[in-house]
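Here the structure is laid out as structure tokens; the discussion comes afterwards.
The values are calculated or read from the model by the stated rules, or taken from the named source; none is laboratory data. Just so it is clear, the model here is predicted, and its values are computed rather than measured. In this analysis, Cβ positions are derived from the backbone assuming ideal geometry, glycine residues included, and neighbour counts consider all displayed protein chains.
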Amino acid sequence: MTETILHLMILFSILFVVLTIGSMLIWLERRLLALWQDRYGPNRVGPFGLLQVLADSIKIFAKEDWIPPFADKAVFIIAPAVIMVVVLMSFTVIPFAPGIEVVDLNIGLLFFLAMSSMGVYSVALAGWASNSKYSLLGGLRSVAQMLSYEVFMGLSLMGVVMLAGSFNLREIVEAQRGGWFIIPQFIGFIVFFIAGIAETHRLPFDLPEAESELVAGFHAEYSGMKFGMFFIGEYLAITLISALTVALFFGGWMGPLLPPVVWFAIKTFVFICFFILLRASLPRPRYDQLMSFGWKVMLPLSLINLVVTGAVVLLRKT
Amino acid sequence: MVSVQILALIRFFRVKNWVYMLSILKSITTVFMTMFRKRATIQYPEERHYIPPRWRGRIILSRDPDGEERCVACNLCAVACPVGCIALQAAEDEHGRRYPEFFRINFSRCIFCGYCEEACPTYAIQLTTDFEMGEYVRQNLVYEKEDLLISGPGKYHGYNYYRVAGLSIRGKDKGEAENEDIPVDIKSLLP
């Protein structure tokens, strides 16, 4: 009985923390972008502008919940919910610290990959249901982008799986006690991180919502909290990819002195900041460049990584 | 068939592909280093930018050192104004001294070009360094004479138009102005 209550408490606290982080990232991103552009960013509402998030959310909740008359109503409403659900589901398998995770799934990594593929539906359905040309073009682009980058996202992780001998994320973290997987799996890390950026359609791979040509891409017709769901979903996805990178390549909760959760949080924070730094510094490539980069550079790289890792693992065993 | 695959492999390992990557890393580090630079923002209500004294801001009407209105209602400013935002009505007091009965500037039209100040023969109308004159009601941007008149001489301290002009007013007859000779008596035959 007490275990059930404890489990529920962990579940809800993880949900709470993750959602809070997701919304606070709006503030963090604006402040950091400002820092890298020699500005201040929002610093008026509350200490350091922290209450900007509150002000923004009051605004976005008070907005009219507009569904365009030409849209496919049911699908239009479901689409933003899908991305939230999918990303929050992926958080269930992340081991934040020993004992602090929602489920100890033995196929945790596969579960994450499955969920991130489901995320494509959100964008595709949003683009389709909006029934407008910009949304459809954005939806098309993001489907093509996410599908092709998913291919080697999965492949890049197989090196880690081979070294750890498990799909369970907790066991993968435990396997890094001797040394972080970033060293033997450097190429795997690079490929995974780039695929992760494409998967969350963040800059420089934000072609689905390229403002300069597609207005806002797949969420051009969305407003109010439905748009907010896409927005928060994107920030949650950033947190997810950062947390996964930490768990897979940077030793998860391991670290001296500080408690495990703190180590996990610090490492994740660094990667979130790196995501924002990428946005601050890189322009987006052309669409065909994006595709050829994925298929001609990243896919061969991940395959080479896979083959070499496999060979090394085999040699070690014999 | 094999040669095609070899070609693809060669293309994959071409140096060009990887030089691009280096330039990307370079731009990331450059942007990261801007973190340690001073921020360019001036946080306006608390910090203020330097405003030069000849700034063309809110228009005022000044007074001469004796405390009288400088404006002689000559209408030159209203003529010079390219947007026609100045309106005034001339009047004369019992000493023959001209003054504006009303003087009205519509600041919702004013473009702060400073032509009125250039045209003014008596230094009466002047532009100041104040620029914070936002209003919620448009009508409040129409300034009347009592809003425009200030108590001091503005940018030109010692200047008094009637003290240098050959015009008789109360307390100063013709020829009593600064650097002025007594007028020639045209009725006299003496040289």
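Filtered by the rule that a residue be touching a residue at least 12 places away in the same chain (Cβ under 8 Å) and within 13 Å of chain B (Cβ to nearest Cβ), region A:34-50 gives A:Trp36, A:Gln37, A:Pro42, A:Asn43, A:Gly49.
Do we have A:Phe275 as more than 14 Å from chain B (Cβ to nearest Cβ) and aromatic (Phe, Trp, Tyr) here?
Working: more than 14 Å from chain B (Cβ to nearest Cβ): no; aromatic (Phe, Trp, Tyr): yes.
Criteria not met by A:Phe275.
Any residue at all in region B:46-61 that's outside any strand (DSSP E or B), over 18 Å from the mean Cα position of the chain (by Cα) and not assigned by TED's automatic domain parsing to the domain that holds B:Tyr143? Yes, region B:46-61 contains a residue that is outside any strand (DSSP E or B), over 18 Å from the mean Cα position of the chain (by Cα) and not assigned by TED's automatic domain parsing to the domain that holds B:Tyr143.
Yes/no per residue for (1) over 20 Å from B:Cys81 (Cα atoms); (2) part of a strand (DSSP E or B):
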site	(1), (2)
B:Gly96	yes, no
B:Ser108	no, no
B:Gln126	no, yes
B:Lys155	yes, no
B:Tyr159	yes, no
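Please verify whether region A:91-113 includes one or more residues that are within 17 Å of A:Phe230 (Cβ to Cβ) and not β-branched (Val, Ile, Thr). No, region A:91-113 contains no residue that is within 17 Å of A:Phe230 (Cβ to Cβ) and not β-branched (Val, Ile, Thr).
Check off (1) touching a residue at least 60 places away in the same chain (Cβ under 8 Å); (2) closer than 24 Å to A:Gln37 by Cβ; (3) within 14 Å of chain B (Cβ to nearest Cβ) for A:Val270 and give me the number that stays unchecked. Every condition holds for A:Val270 apart from (1).
On the basis of being in contact (Cβ under 8 Å) with a residue 40 or more places away in the chain and farther than 18 Å from A:Leu282 by Cβ, does A:Phe227 make the cut? Spell out how you get there, then give the answer.
Details: in contact (Cβ under 8 Å) with a residue 40 or more places away in the chain: yes; farther than 18 Å from A:Leu282 by Cβ: yes.
Here the answer is yes, as A:Phe227 does meet what is asked.
If the condition is being more than 7 Å from every other protein chain (Cβ to nearest Cβ) and part of a loop (DSSP other than H, G, I, E, B), then region B:32-42 contributes B:Lys38, B:Ile42.
Here's the yes/no breakdown for (1) in a loop (DSSP other than H, G, I, E, B); (2) loosely packed, with under 13 Cβ neighbours inside 10 Å; (3) within 14 Å of chain B (Cβ to nearest Cβ):
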position	(1), (2), (3)
A:Thr4	no, yes, no
A:Ile10	no, no, no
A:Ser13	no, yes, no
A:Val17	no, no, no
A:Ser23	no, no, no
A:Trp27	no, no, no
A:Leu32	no, no, yes
A:Ala79	no, no, no
A:Ser90	no, no, no
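Based on this model, can you work out whether B:Gly175 counts as surrounded by 12 or more Cβ atoms within 10 Å (Cβ to Cβ), over 23 Å from B:Leu76 (Cα atoms) and free of Cβ contacts under 8 Å to residues at least 12 places away in the same chain?
Working: surrounded by 12 or more Cβ atoms within 10 Å (Cβ to Cβ): yes; over 23 Å from B:Leu76 (Cα atoms): yes; free of Cβ contacts under 8 Å to residues at least 12 places away in the same chain: yes.
So B:Gly175 passes the test.
Given the structure, is A:Phe271 hydrophobic (A, V, I, L, M, F, W, C) and touching a Lys or Arg at 6+ places or on another chain (Cβ under 6 Å)? No; evaluated as a whole, the condition is false for this residue. Taking each residue of region A:162-183 that is of a type in the set (Ser, Thr, Tyr) and looking for partners that are crowded, with 17+ Cβ neighbours inside 10 Å with beta-carbon atoms closer than 8 Å, six or more apart or interchain, yields A:Ser166/A:Ile172; A:Ser166/A:Ala175. When region B:18-33 is examined, which residues are found to be surrounded by 11 or more Cβ atoms within 10 Å (Cβ to Cβ) and of a type in the set (Gly, Ala, Ser)? Once the filter is applied, which keeps residues that are surrounded by 11 or more Cβ atoms within 10 Å (Cβ to Cβ) and of a type in the set (Gly, Ala, Ser), region B:18-33 yields only B:Ser27. If you go through region B:92-129 and pick out every residue that is among the polar types (S, T, N, Q) and more than 10 Å from the chain's Cα centre (by Cα), you end up with 3. Examine region B:95-109 for a residue that is among the aliphatic types (A, V, I, L, M) and either at pLDDT below 90 or surrounded by fewer than 19 Cβ atoms within 10 Å (Cβ to Cβ) (or both), and state whether such a residue exists. No - not one qualifying residue is present in region B:95-109.
The number of residues in region A:44-54 being surrounded by fewer than 18 Cβ atoms within 10 Å (Cβ to Cβ) and over 24 Å from the mean Cα position of the chain (by Cα) comes to 6.
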